[in-house]
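Inspection log for the structure reproduced underneath, given as structure tokens.
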Amino acid sequence: MRYQITGMHIDIGDALQTHVKDELGTVLQKYSQRPTDANVIFSKSGHEFVCETTVHLSTGLTAAAKAHATEIYAAFDDCGEKLDKQLRRYKRRLKDHHKDRTEPVEIFGASSYILASDTDSEAQEPESLQPIIVAEMETKIPSLTVGEAVMQMELAGAPVLVFRNEKKDGVNVVYRREDGNIGWIDP
């Protein structure tokens, strides 16, 4: 398993890196036997340390957690507990998908755009109805079943997930509704 442990404007010492590898290794060993890599990013926000952890599993699914604390070790430990809880919650489903899925999730490339917001829309008339593109990036769209897509959205802590439906071979969307339920858009 590959670990990428980085700090944004923070020096990460060898002791912290060893602690992260040991603790994350034990969590991942319990619940997923085949993780491929883990990205851990430490940063500072005001007086608190922030730890963001993303773990990529061999099936193509991703688990993510984020935590804040006044000490850097406590931030990682809180993040590790959240990741442990997520993987424990989905352990049975992860193992079932390992049996059904013999190959990793197929991923397709797509373009992703960031559009400028209209902050002064009331003050002046827009010159055109075309939005201003601030950034253009590549994104990945996984090919999943609806159940896997919901599980992936929950594991990643995302409010929405765009995926390619394996059964109907079309682009679908699952999202968290305001009432707490999951919505599914199948055009």
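Can you pull out every residue in the stretch 59-81 that is small (Gly, Ala, Ser), under 19 Å from LEU161 (Cα atoms) and over 14 Å from the mean Cα position of the chain (by Cα)? Once the filter is applied, which keeps residues that are small (Gly, Ala, Ser), under 19 Å from LEU161 (Cα atoms) and over 14 Å from the mean Cα position of the chain (by Cα), the stretch 59-81 yields nothing. In a residue-by-residue description of the stretch 167-181, the property of being of a type in the set (Ser, Thr, Tyr) and in contact with a Gly (Cβ under 8 Å, 6 or more places away or on another chain) applies to at least one position.
Remark: pairs (first residue in the stretch 128-154, more than 23 Å from LEU115 (Cβ to Cβ); second residue small (Gly, Ala, Ser) and not in a strand (DSSP E or B); Cβ separation under 7 Å; 6+ apart in sequence or on different chains) = PRO142/GLY60.
The condition (being part of a loop (DSSP other than H, G, I, E, B), touching an Asp or Glu at 6+ places or on another chain (Cβ under 9 Å) and modelled with pLDDT of 75 or more) is satisfied by just one residue among PRO131, PRO126, PRO142: PRO131. As a summary of the residue check, VAL150 satisfies the conditions (1) outside any helix (DSSP H, G or I); (2) among the β-branched types (Val, Ile, Thr); (3) surrounded by 13 or more Cβ atoms within 10 Å (Cβ to Cβ); (4) at pLDDT 80 or above except for the one numbered (1).
Within the stretch 145-166, the set of residues being under 21 Å from ALA65 (Cβ atoms) and aliphatic (A, V, I, L, M) comprises ALA149, VAL150, MET151, MET153, LEU155, ALA156, ALA158, VAL160, LEU161.
The values are calculated or read from the model by the stated rules, or taken from the named source; none is laboratory data. If you're wondering where the values come from, they're calculated on a predicted model, not measured in any experiment. Neighbour counts are summed over all protein chains in view; Cβ atoms, including those assigned to glycine, are modelled from backbone coordinates with ideal geometry.
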